[in-house]
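Step one of this worksheet: look at the structure below.
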Amino acid sequence: MGLKILGIETSCDETAVGVVEDGCRLLSNVVSSQVELHSPHGGVVPEVASRQHIRDMAPALERALADSGVALQDVDVVAATYGPGLAGSLLTGLNTAKALAFSLGKPLVGVNHLEGHIYASWLARGDTESPADSPGFPLACLVASGGHTDLILMEGHGIYRLVGRTRDDAAGEAFDKAARILGLGFPGGPEIQKASENAQDNDLPPLPRAWMRDTLDFSFSGVKTALLHMAQNQGLYPPEVDDSSRPEDEERAARLVGELAANFQESVVEVMVVKTLEMAKRYNAKGIVLGGGVTANSRLRAEITRASNLPVIIPPPVLCTDNGAMIAACAYFQYERGEENGLDLDIDPALPLG
């Protein structure tokens with residue numbers, strides 16, 4: 001029988017529980033989303049997120065166990081994210097894991113949220129060779145989400161080197177802000193992608209790219225500001241409420257929004273692809289791994305796969321966003337290395353990786 005690990009993820013606004021066997025076999029993956037709660041605010045409200053985690057935790061746990069076919073007492077290890085993330089959200093998941101580990105007499109493993117995103121690629125491979133076997137280490141990892149855009153060199157299990165990071169807005173945060181400028185919904189990433197798909201002939205000038213020469217760091221604040229100015233010049237921002245608007249005006253506005261969304265997406269994607277490939281070349285990586293909610297973007301996935309001469313491993317979109325299965329997968333390798341935590345483990349909202 002394989003080692004069955006229960007993983008809990010509550011770093012932001014998703015209450016997620018998953019069960020994974022031997023670090024790669026996905027038995028269940030339940031995610032309770034809070035998108036509808038936070039959409040009216042255009043972003044995550046920490047206090048609202050914390051309270052909703054408390055409401056959603058027990059149902060998510062029960063469903064994850066039912067879906068996996070594993071009884072609670074048959075779980076071998078309990079794992080949870082302890083950072084980075086929102087403090088109140090992290091507390092809910094970690095305290096749940098502590099209570100379960102204590103009551104069951106099972107080992108507790110605390111997991112770095114960013115490391116969890118990397119190990120989602122082990123789940124993507126299922127029962128086939130893992131990224132460690134094919135293509136092998138070192139791996140160039142891009143972790144891109146609402147709070148982070150990091151380039152991490154993975155030299156082995158648990159061995160990381162942070163070689164690039166955002167100096168201002170993370171990519172996901174930039175997508176959210178761009179969506180607000182264009183009058184689109186939340187979260188911004190899927191909305192920008194959807195609007196971009198409707199773009200026709202794009203006659204607008206391209207938005208700038210912040211290349212930041214001689215560094216692998218990112219900066220997305222400038223392109224966001226450039227988008228704001230372009231939207232203002234086109235009369236799209238601030239949005240006007242005018243009941244007398246004509247159909248042709250609405251059609252023009254929708255066309256411009258699609259073009260601006262496509263411009264913004266292209267600017268962010270191009271920089272991420274180029275920087276990731278540069279990092280892989282500089283450190284002689286054998287493959288590229290993507291993780292985090294932004295890597296669900298179809299344009300990013302297509303472009304990095306097209307441009308890379310190395311194997312590119314990207315989880316399916318459902319495993320790119322926050323989920324408990326990735327935490328369970330990561331915890332398996334930590335547990336195999338003999339890494340366990342006591343019940344005194346505390347959250348670390350600013351926990352680094354590498």
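The values are calculated or read from the model by the stated rules, or taken from the named source; none is laboratory data. Remember, it's a predicted structure, so these values are computed and weren't measured experimentally. Quick reminder, even Gly has a Cβ in these numbers, built from the backbone with ideal geometry, and neighbours come from all protein chains shown. These accessible areas exclude ligands, DNA and RNA; they are computed on the full protein's heavy atoms, side chains included. Shrake-Rupley method; radii C 1.70, N 1.55, O 1.52, S 1.80 Å.
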Rounded percent of accessible protein surface that carbon and sulfur make up, the stretch 108-205, 1.4 Å probe: 42 percent
Reciprocal of mean inverse Cα separation for the stretch 1-72 (Kirkwood radius, Å): 12.9 Å
Surface accessible to a 1.4 Å probe, residue 335 within the full protein complex, Å²: 60 Å²
Label-point separation in nm, residue 35 to residue 133, each point 7 Å along Cα→Cβ: 3.5 nm
The chain - mean residue ellipticity at 222 nm from DSSP helices (-39,500 (n - 2.57) per run, n ≥ 4, rounded to 500): -14000 deg cm²/dmol
Peptides 67-76, 204-213 ordered by average Cβ neighbours within 10 Å, highest first: 67-76, 204-213
Cα long-axis angle, helix 298-307 against the chain (0 to 90 degrees, to the nearest 10): 80 degrees
Sum of side-chain charges, residue 42 neighbourhood, beta-carbon under 10 Å (Lys, Arg +1; Asp, Glu -1): +1
Sequence-distant lysines (8 or more away, or on other chains) whose Cα lies within less than 18 Å of residue 98: 4, 106
³J(HN,Hα), Karplus 6.51/-1.76/1.60, whole Hz, each residue of the stretch 278-287, x for Gly, Pro: 4, 5, 4, 5, 4, 9, 6, 5, 9, x
Rg followed by Dmax, in Å, when the stretch 245-328 is reduced to its Cα trace: 17.0, 57
Under Karplus coefficients 6.51, -1.76 and 1.60, residue-wise ³J(HN,Hα) of the stretch 338-347 in Hz, glycine/proline x: x, 8, 10, 10, x, 6, 8, 4, 10, 6
Fraction in percent of alpha-carbon pairs per bin - 10 Å, the chain: 6, 25, 31, 23, 11, 4, 0
The stretch 43-53 - phi-based ³J(HN,Hα) in whole Hz, Karplus 6.51/-1.76/1.60, Gly and Pro as x: x, 7, 9, x, 5, 5, 4, 4, 5, 6, 4
5 angstrom amide H check on residue 164, placed H, neighbours 5+ away: 151
